[in-house]
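Written below as structure tokens is the structure these notes are about.
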Amino acid sequence: MAATTVGTSQVTILRQHLIDPEICIRCNTCEETCPVNAISHDSRNYVVDASKCGFCYACISPCPTGAIDNWRHVRADHAYALADQLLWDTLPAQIAMAEIPIVGADDTAATLPDDVERIAAASTSGQGGIAPPPWSAAHPYVNLYSIQKPALATVSGNFRLTAEDASSDIRHIVLDFGNASLPVLEGQTIGILAPGLDAHGRPHHVRLYSVASPRDGERPRYNNLSLTVKRVTTDHEGAQVLGVASNFLCDLKKGDQVHVVGPYGTSFLMPNHPGSNLLMICTGTGSAPMRAMTERRRRKSAPKEDGKLMLFFGARTPAELPYFGPLTRLPKEFIDINLAFSRVPEQPRQYVQDLIRAKAEAVVNLLRDENTYLYLCGLKGMEKGVDEAFSDICSRHGLDWKSLQAELLQQGRYHVETY
Amino acid sequence: MSIDYNQKIPNNVDLSENKTLQRALEHWQPEFINWWQDMGPDDSQNFDVYLRTAVSVDPGGWAHFDYVKMPDYRWGIFLNPAEPGRKVNFGAHKGEAAWQEVPGEYRSNLRRLIVTQGDTEPASVEQQRHLGLTCPSLYDMRNLFQVNVEEGRHLWAMVYLLHAYFGRDGREEAEALLERRSGDADNPRILGAFNEQTPDWLAFFMFTYFTDRDGKYQLCSLAESGFDPLARTCKFMLTEEAHHMFVGESGVGRVIQRTCEVMNQLKTDDVAKIRAAGVIDLPTIQRYLNFHFSVTMDLFGADVSSNAATFYNTGLKGRYEETKQDDDHQLSDATYPILEVANGQIIATQAPYLNALNERLRDDYVRDAVAGIERWNKILQKQGIPFALSAPHKAFNRKIGPLSSSKISPAGKVLSEAEWTHHHLQWLPSAEDRVFVASLMGRVTQPGKYANWIAPPARGINNQAVDFEYVRFN
């Protein structure tokens, strides 16, 4: 059973496997494949017995429709019964975690680790503190694993994203959670506990990393997620410093194990309503949440339903831009990608704000749309330039950026995470 | 130059351990490739197609997607893993250990079952070979080719059994499988439905929905066989068959979806206006449905059949979900209702169950097929169109069995010859219907573009976008 303990109570949450009756074509492949006979059917629906399903995923890839790949978090003692499932015409919506009744729960929510509070405050200072999430954001799970009781993840992949000769070593690291339930949404972060003790003999601080994969995982149907990690070799002042957590992560090999806490983040989340637009601005590893959101939209993409995606992405050179290859292969109708390179020999230095100015009209049109959500993630240094660019293009098109920004913030449509 | 056929024929049957069999299949392989070049998808040999290739029988071996040139598709031989201690689960031999070799006395019946099943596989490839030239999108073209290569692999599966277990006879049958031609007057395919044309994409979707579903039911009954290698082969084939039915169900659903959209835009149910707008009117879809449903009904064979009784009694071919049936699995004294026409009415009479096993399988099939038609009706309901598709009566338009001597309406009313002549064009596609549907079939090959008469799919293959370049032309 994929189970976890919520807060300080002892209620078990089950990630229940269900089949979407609207999509299923009743081919019987899943029932045939299931090694424990958890799947059965009547003349109407194919259903999964929660008490038998062993999460082996054997049924997932042979399913020709994807109907089999559906999951709902429920209280283990309130799992959907076979009799209920047999009557469904459509899948029920996910019950928000807060609404899952927890009998005998301790009302005081578990507090966030100090490190996490501190980092969250610093990274959102650019927008004046933590903003509300988009109204259509999915309900996030927070703080399922504490420093005292972290989750144990296994590394299932560690790939270098930047060219071998690039000055920065940015890596794509895939963590597998086995049977532990760690549901994350795009834009959320998880904390990494580097092993060992610091110079003062204390455990290392928690380091937070934005999840780079969408909610169904880096590899859908497997209980995994990915991180985008840059090997830190200098501090903000440029002095030689080996970042503890980043070097620990970048050196991991397949099969190594990592202690993970979290997930965290209730604000920097994506909207899910049809027609909502994403305006994303990032540099370097700030691309992680943007990749997660883009990938979510790509996988769920129902034409005519989803809104526009526009990305401004800055790096020194193409060789240092994480996910450069996959990005450039995305269809233009799906996402408008604008790449700024600041250190290409014999070319003028270009920054994300330059491209925002160049695309002024399209950006302003998006800003005028009340379904547009703006995300900024990356180095602190970009905030000022981006702010000025917005201010400029707005005034040229008869908008007041300061008042618009306040409105965006209040409506949960402006999200900043910088470091 | 020596070719490593172990690499060339992926398999999980230890082919390299059996040199005789390996040589026989090596000999057959170039003939298969020649057949594919001659009768496989027309004018497609150089395309890179985003295909799923089965590289092993475990679930992980299923997720292997990549661009492949179709003649280079790795047709392999895969059997589901053996189930230790498996028994013959029905018939006179119930309770004996399942056979790993062909029992001598059942040899010719077993060969006949395998040849009949095997013959349908290349037949459907032949029937569909021109469709690539009129595909409504790259996505659909890719699905067509996926269906085609997997039918090819199913032929390999049957040929493997013929070669491995039937000696010289088996090898000759394997060659004959490449010699018969769908619709050929002199040397046709064995079963009627597989000599019909698949002239357009609506026919293709109906075929994959209705006729490939017959395949599912035949394979399910063969997967119960006491002859273990046949059971294991069919079990694995079923996994692939599922995709074919998906292509059919979603294909027809998308045609309905698009027609509804246009009907709502134009606010009309006038067939002439709907056709003028370049989409397929719902009555025509119903007529195609009637045709494919009734042709597929015949594939189950005669309502009363001594062959069916023999196949069951001797443990060669079971019922659908045999081991889940709650009876004695021998059926010697049981009866089963079949239909016949008496005094101008269709009535049910009881026949010995063993002889009525074709009818039993047909009934299992009808339940499943009807459930899918209801899912299509949900699309109509969602779009607010007051029209419902329905399956015709199982006695409608039959060409095989006692019911074929009567004329019966889709509602199950027995008709005079004159009434049939007067009405049948309301129920079956006319030449004019087919010309109209054919007139819509223009090739669309720009990624993300879909022909006007069909809606894009809700999601792409393997989580790719719907505008993914599913086929690359070279």
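Can you find a residue that is crowded, with 17+ Cβ neighbours inside 10 Å and closer than 22 Å to B:Tyr217 by Cα anywhere in the stretch B:382-391?
yes
Of the conditions (1) in contact with a helix residue (DSSP H, G or I) (Cβ under 7 Å, 6 or more places away or on another chain); (2) more than 14 Å from chain A (Cβ to nearest Cβ), B:Ala223 satisfies every one except a single condition; which number is it?
Answer for B:Ala223: the failing condition is (2).
Can you tell me which residue is surrounded by the fewest Cβ atoms within 10 Å (Cβ to Cβ) among those in the stretch B:426-463 that are in a helix (DSSP H, G or I) and within 12 Å of chain A (Cβ to nearest Cβ)?
Here the residue is B:Asn462.
Being more than 21 Å from A:Arg219 (Cα to Cα) and either in contact with a helix residue (DSSP H, G or I) (Cβ under 9 Å, 6 or more places away or on another chain) or assigned to a loop (DSSP other than H, G, I, E, B) (or both) is the filter here; which residues of the stretch A:57-85 pass it?
Once the filter is applied, which keeps residues that are more than 21 Å from A:Arg219 (Cα to Cα) and either in contact with a helix residue (DSSP H, G or I) (Cβ under 9 Å, 6 or more places away or on another chain) or assigned to a loop (DSSP other than H, G, I, E, B) (or both), the stretch A:57-85 yields A:Ala79, A:Tyr80, A:Ala81.
Pairs needed: first member in the stretch A:141-161, modelled with pLDDT of 90 or more; second member anywhere, among the acidic types (Asp, Glu); C-beta distance under 6 Å; at least 6 residues apart or different chains.
A:Thr154/A:Asp176; A:Val155/A:Asp256; A:Ser156/A:Asp176
Any idea which residue in the stretch A:29-60 is farthest from B:Tyr217 (Cα to Cα), counting only those that are surrounded by 21 or more Cβ atoms within 10 Å (Cβ to Cβ) and within 10 Å of chain B (Cβ to nearest Cβ)?
So, considering only residues that are surrounded by 21 or more Cβ atoms within 10 Å (Cβ to Cβ) and within 10 Å of chain B (Cβ to nearest Cβ), the one farthest from B:Tyr217 (Cα to Cα) is A:Cys59.
Given the options B:Arg375, B:Arg434, name the one that is closer than 16 Å to B:Arg287 by Cα and either of a type in the set (A, V, I, L, M) or touching a helix residue (DSSP H, G or I) at 6+ places or on another chain (Cβ under 9 Å) (or both).
Just a single option satisfies the conditions, and that option is B:Arg434.
Quick one: count up the residues across the stretch A:386-404 that are surrounded by fewer than 16 Cβ atoms within 10 Å (Cβ to Cβ) and outside any loop (DSSP other than H, G, I, E, B).
6
Provide a single number: the residues in the stretch A:256-283 that are closer than 22 Å to A:Pro331 by Cα and over 15 Å from the mean Cα position of the chain (by Cα).
8
From the set of residues in the stretch A:317-329 that are buried (at least 18 other Cβ atoms within 10 Å of the Cβ) and part of a loop (DSSP other than H, G, I, E, B), which is nearest to the other protein chains (Cβ to nearest Cβ)?
A:Tyr323
Pairs please, first residue from the stretch B:168-183 and crowded, with 18+ Cβ neighbours inside 10 Å and assigned to a loop (DSSP other than H, G, I, E, B), second anywhere and of a type in the set (Phe, Trp, Tyr) and modelled with pLDDT under 95, Cβ atoms under 7 Å, 6+ apart in sequence or on different chains.
B:Ser182/B:Phe194
State which residue is modelled with the lowest pLDDT when the search covers only the stretch A:214-271 and only residues that are closer than 20 Å to A:Pro113 by Cβ and assigned to a loop (DSSP other than H, G, I, E, B).
A:Gly243
Of the residues A:Tyr419, A:Tyr373, A:Tyr351, which single one is surrounded by 21 or more Cβ atoms within 10 Å (Cβ to Cβ) and hydroxyl-bearing (Ser, Thr, Tyr)?
The unique qualifying residue is A:Tyr373.
Can you tell me how many residues in the stretch A:28-56 are touching a helix residue (DSSP H, G or I) at 6+ places or on another chain (Cβ under 7 Å) and either in the same structural domain as A:Ser181 (by TED's automatic domain parsing) or in a strand (DSSP E or B) (or both)?
Of the residues in the stretch A:28-56, 5 are touching a helix residue (DSSP H, G or I) at 6+ places or on another chain (Cβ under 7 Å) and either in the same structural domain as A:Ser181 (by TED's automatic domain parsing) or in a strand (DSSP E or B) (or both).
Please work out if B:His93 is touching a Ser or Thr at 6+ places or on another chain (Cβ under 8 Å), farther than 20 Å from B:Ala164 by Cβ and within 14 Å of chain A (Cβ to nearest Cβ).
The answer is no for B:His93.
The values are calculated or read from the model by the stated rules, or taken from the named source; none is laboratory data. The structure presented is a predicted model; accordingly, all values stated were derived computationally and were not measured. Neighbour counts are summed over all protein chains in view; Cβ atoms, including those assigned to glycine, are modelled from backbone coordinates with ideal geometry.
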